[in-house]
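This report concerns only the one structure given below.
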Amino acid sequence: MSDGIGARVERKEDKRFITGKGKYTDDFRVDNQAYAAFVRCPVANAKINGIDASAALAMEGVIAVHTGPEMKEDGIGDLITGWSITSKDGSPMQCGVWSPMVTTYGRYVGDAIAIVVAETQAIARAAAELVELSYDELPATVQVEAALADGAAQVHENVPGNMIYDWEIGDEAAVNDALAGAHHVTEMRMVNNRLSPNPMEPRSAVAIFDEAEDHYTLYTTSQNPHVARLVLSAFYNVAPEHKLRVIAPDVGGGFGSKIYIYPEEITCLWASMKTGRSVKWTSDRTEAFLTDAHGRDHVTKATMGFDANGRIVGFKTDTLANLGAYVSLFATVTPTYLHGTLLSGCYDMPAIYGNVKAVHTNTVPVDAYRGAGRPEATYTIERMIETAAREMGMDPAELRRKNFINEFPYQTQVILQYDSGDYHKTLDMAEEIADVAGFAARRAEAAARGKLRGLGYSTFVEACGIAPSAAVGSLGAAVGLWESAEVRVNPVGSVEILTGCHSHGQGHETTFAQVVSDRLGIPVDNVSIVHGDTDKVQFGMGTYGSRSGPVGMSAIVKALDKVEAKAKKIAAHTLEASEDDIVIENGEVKVAGTDKSMAWHEIGLAAYIAHNLPEGMEPGLKEAAFYDPLNFSFPAGALICEVEVDPDTGVTDIVKFTAVDDFGNIINPNIVEGQVHGGVTQGIGQAMLEQVVYDDSGQMITGSYMDYCMPRADDVPSYALDHNATPSPLNPLGIKGCGEAGAIGSPPAVINAITDAIGNNDLQMPATPLAVWTALQNVKTSMAAE
Amino acid sequence: MYQTKYHKPASIDDAVAALAVAEDGKVLGGGQTLLPTMKQHLASPTDLVDVGGISGMADISVSDGCLTIGAGARHADVAASSVVRDAIPALACLAGGIGDPAVRSMGTIGGSVANNDPAADYPAAVLGLGATVVTNTREIAADDFFEGMFTTALEEDEIITAIKFPIPSSAGYSKFPNPASRYAMVGVFVANGGSGARVAVTGAGQDGVFRADSMESALSSNFSAGSLDGTSLDADGMMADIHGTAEYRAHLVSVVAKRAVTSAV
Ligand SMILES: Cc1cc2nc3c(=O)[nH]c(=O)nc-3n(C[C@H](O)[C@H](O)[C@H](O)COP(=O)(O)OP(=O)(O)OC[C@H]3O[C@@H](n4cnc5c(N)ncnc54)[C@H](O)[C@@H]3O)c2cc1C
């Protein structure tokens, strides 16, 4: 079947997206519409003494101004964290209280203090400027490395020393022993720069309270509308679950930042009840920089020891993770179980130890962002091994090969057990495509032109398909991470898939339909995907952690199994054959080896007409399934980046970027390549361009695209991609997930290439022209000193 | 609420009259700077007087060794103009490197020069070519026009009508874009003419566009990139921000100046 698994089917959703016909949250204009704007904390730490809204309320068109203490009085709950982490001394983590709107203290620039509801968005925003705050500015702690210092300003009274947790994984004593006896030890300090997610569509909410029905509807930019409904009802007390409908319509990108349930959505729902109006809020871009959860922001000191043969004997990391002013929904797990458990990389490491101290600072909360913890781990490992190879005078690819894991399943020293892989072949393929053999000649040719050429590797593995429920529960998760699906066969044979996953750019309408097409032999046009509406779709956990493929599609497969079983019974009954002889092929349900068959739509019709069904069979053809994965899946890849640096300016040009990935089986190569392109581009953004900068008072310097540098088309090369699939044995489709790999694997490849070019390993991200030029000056200075 | 009245006069006189009666009127060129500023509520003029409808405001012509560009000429028009390309190719090239296609289709030379953003491109050309800024009331020499970041010799409500560029024997512009905004982090315009060489630097100086005297004298004796070897600018007085330290900018000026000379035609 041409639309089946592996086919390059064009994305069904692109017509509406490319022609501007997508329907996003802000596109919904409902009855009784009013608009909200937020009054936000202007400084990084303040005690709010009073709020004077009289001038705002006097403005024509202003409906109401409400504040945090009123919300608290109405019983609206504080924000929760979805994952509890225990410190290494056995004590529970300590988090500051996060109320949807400030009750006493504003703790970062952008913290919501009051909501203004007005007849138009312009009036709401103008009125918000008229709300007068009286406050005392307090000292702030801003930079991650300052948070634990003696005398650092306290972000929360109940979090002494700003330490949220001091967590560890692995065996410290074993690592110390190994490092003490090592033949060579490499040490580095690495900054994993703070990023702003920047989805194209900013966050938005339309909250509708229906007084007559005592019912709420929320349109919102969410990656997981069911989780939003659960949290809004069970913890924030907005409304009971059955009286709250959450709809996440078309969503223009999330990258993790739309997993979380933010203060604005909660407040809009409550304000709708307070004002009797439908309340819409849409973030502008600067508000997005200030209030969307950021990503990364780690500082890591790492030590890796090798024996005389170049085998890794021990690996130790010490990480400071900035979680910002409040602990966002999944912020605690990102630096711990999504980071520490990946510290083995794709190497057979006998001893590993990771320590992570998570801290509060007076900055916007930091949470999972494309890759979430895994890019941080990968960056540390891959820069360490490349630098170690240089220090030991070894070829960086050979050092990797010496240490690759060769047998699967592989049990790491840090909890995870890898499913399958073939790291050697993947690296061989990448070296071939990147023409590593010809690099020396290219480097010489560039030198003749006054340019510095460099080559950098990254061989990574990551954990996708988040996640086995019982396993994550035992590690502190408050939820299970299974997924659900319902397959509805209509009387005419067309199929609707209801999924708990949510598509915000991933192309589920195409790939999920391909799975059905492959099984039933019907064209993808006859399959529609329903998602993103809690009134339509059964409970599901949403989309993040590259889980929609390995977990979401596996649920669909399970439901399809049930549909097929019933279809076969109907066919066997109608065609008077044995159920065991029935096969489904090319849209037909046949008796194998005969010319007796029914078209797929005849099965649908038979099921619903129900005049002639097997004895005792219920009419209809609709099945549901819940799928809980057995393990994570472990995509891996080999990336090779080749750069040319202009020593006069420090400008780096990526001349070639090769990515060979193992995503297991591939449903749609177009979509997978698109994910790799986007992911690698985001990784290049992190490596060379992007960084959120706060000044020491806590004001954000990079609050617009004038200073926050997003990758543009001309910043990235045309990518050379290939695949080396080792299907995951653990899920029915043998897929591993591809959404985050590019962003996880690419930053170290880029930095390894630049440091190779300039001959200085001391370079932090983002490697801007300024940073590269400065590193080059440092090489000159140290050479002059010698 | 922020209310603004929009005017589209057909003549300079009408524009002047509209500005005279407005409580806080502003000239509107292409709006590429002014409108974003208004959206952020950093400016809230009571009246906008759009000079785009005045006939002749966007004309481009050459006479007596002088290229005259109407203040209303859009960046894209200057970039594509065969008159400009023949007379001062470096100027067309500069205009073609401003912002993105949307900005170039709207933004005007008059607006850019009046705004005098320290990172804008046009001020380097105006100063580097020793141009004359023509307004509704007078003519101002470039050397007297730029008075520091976002400040110029323009009086309140004075309208730029055209810029007159003397045509040099050769000129070049090279820009090192800010990675994020792609405004000039360092932009150097060099021109070689009858009275010697001129070198104007934008993007780098704390006081906006400036002339690099030492480079001018080096190039006046020999207009070649090599003669800039050994000239360097002091980091004092250079802007410093997250994209570039003062030292880095000072260094870039030398590199970019050489590239400008090499590209000069
Ligand atoms: C995304 C983006 C990227 C950009 N990149 C660059 C870049 O790379 N390089 C660069 O140089 N610029 C850049 N710009 C600025 C752009 O060139 C603007 O067009 C220019 O700065 C202002 O011109 P304008 O015609 O749009 O003026 P407006 O925004 O209309 O006005 C700007 C100011 O000039 C005044 N003014 C306008 N016309 C006149 C006149 N005839 N007489 C007197 N006063 C007048 C206005 O009152 C206002 O104070 C960029 C802008 C944007 C939005």
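The values are calculated or read from the model by the stated rules, or taken from the named source; none is laboratory data. Computed from a prediction, not measured in an experiment: that's the story for all the values here. Please note: Cβ atoms are built from the backbone with ideal geometry, for glycine as well, and neighbour counts cover all protein chains shown.
In table form, for the structure just shown:
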| read-out | value |
| --- | --- |
| Some residue of the range B:23-32 being without any contact (Cβ under 8 Å) to a residue 24 or more places away in the chain and within 13 Å of the ligand (Cβ to nearest atom) | yes |
| Failed criterion for A:G161 (all others in (1) part of a loop (DSSP other than H, G, I, E, B); (2) over 26 Å from the mean Cα position of the chain (by Cα) hold) | (1) |
| Qualifying positions in the range B:7-28 - out of contact with any Pro (no Cβ under 8 Å at 6 or more places or on another chain) and assigned to a helix (DSSP H, G or I) | B:I12, B:D13, B:D14, B:V16, B:L19, B:A20, B:V21 |
| Residues being small (G, A, S) and closer than 19 Å to A:V530 by Cβ - total across the range A:1-49 | 1 |
| Leading residue by the ranking (nearest to the chain's Cα centre (by Cα)) among those in the range A:543-574 that are part of a helix (DSSP H, G or I) and among the basic types (K, R) | A:K558 |
| Extreme residue, farthest from B:F176 (Cα to Cα), among residues of the range B:74-100 that are within 11 Å of the ligand (Cβ to nearest atom) and not in a helix (DSSP H, G or I) | B:R74 |
| Top-ranked residue of the range B:48-73 - restricted to ones that are within 11 Å of the ligand (Cβ to nearest atom) and part of a strand (DSSP E or B), ranked as nearest to the other protein chains (Cβ to nearest Cβ) | B:L48 |
| All positions within the range B:116-149 that are under 8 Å from the mean Cα position of the chain (by Cα), more than 18 Å from B:L67 (Cβ to Cβ) and either within 8 Å of the ligand (Cβ to nearest atom) or assigned to a strand (DSSP E or B) (or both) | B:A120 |
| Check on B:V103, at pLDDT 95 or above, in a helix (DSSP H, G or I), surrounded by fewer than 18 Cβ atoms within 10 Å (Cβ to Cβ) and among the aliphatic types (A, V, I, L, M) | yes |
| Residue selected from the range B:158-204 under the condition part of a loop (DSSP other than H, G, I, E, B), more than 16 Å from the ligand (Cβ to nearest atom) and out of contact with any Leu (no Cβ under 7 Å at 6 or more places or on another chain), by the criterion nearest to A:Q686 (Cα to Cα) | B:S169 |
| Hits in the range A:111-130 - residues which are surrounded by fewer than 23 Cβ atoms within 10 Å (Cβ to Cβ), in a loop (DSSP other than H, G, I, E, B) and more than 10 Å from chain B (Cβ to nearest Cβ) | A:E119 |
| Residues of the range B:148-189 classified as on the phi > 0 side of the Ramachandran plot, buried (at least 19 other Cβ atoms within 10 Å of the Cβ) and more than 14 Å from every other protein chain (Cβ to nearest Cβ), total | 0 |
| Residue among A:V527, A:V537 that is surrounded by 18 or more Cβ atoms within 10 Å (Cβ to Cβ) and more than 30 Å from A:K243 (Cβ to Cβ) | A:V527 |
| B:V113 vs. criteria outside any loop (DSSP other than H, G, I, E, B) and either more than 11 Å from the ligand (Cβ to nearest atom) or in contact (Cβ under 8 Å) with a residue 40 or more places away in the chain (or both) | yes |
| Residue tally, condition at the interface with chain B (Cβ under 9 Å from one of its Cβ atoms) and not in a loop (DSSP other than H, G, I, E, B), over the range A:666-709 | 2 |
| Odd one out for B:D234 among (1) within 14 Å of chain A (Cβ to nearest Cβ); (2) surrounded by fewer than 24 Cβ atoms within 10 Å (Cβ to Cβ) | (1) |
| Test for B:I159: is it closer than 23 Å to B:D77 by Cα, more than 15 Å from the chain's Cα centre (by Cα) and at pLDDT 95 or above | yes |
| A:C738 vs. criteria within 14 Å of chain B (Cβ to nearest Cβ), surrounded by 17 or more Cβ atoms within 10 Å (Cβ to Cβ) and part of a loop (DSSP other than H, G, I, E, B) | no |
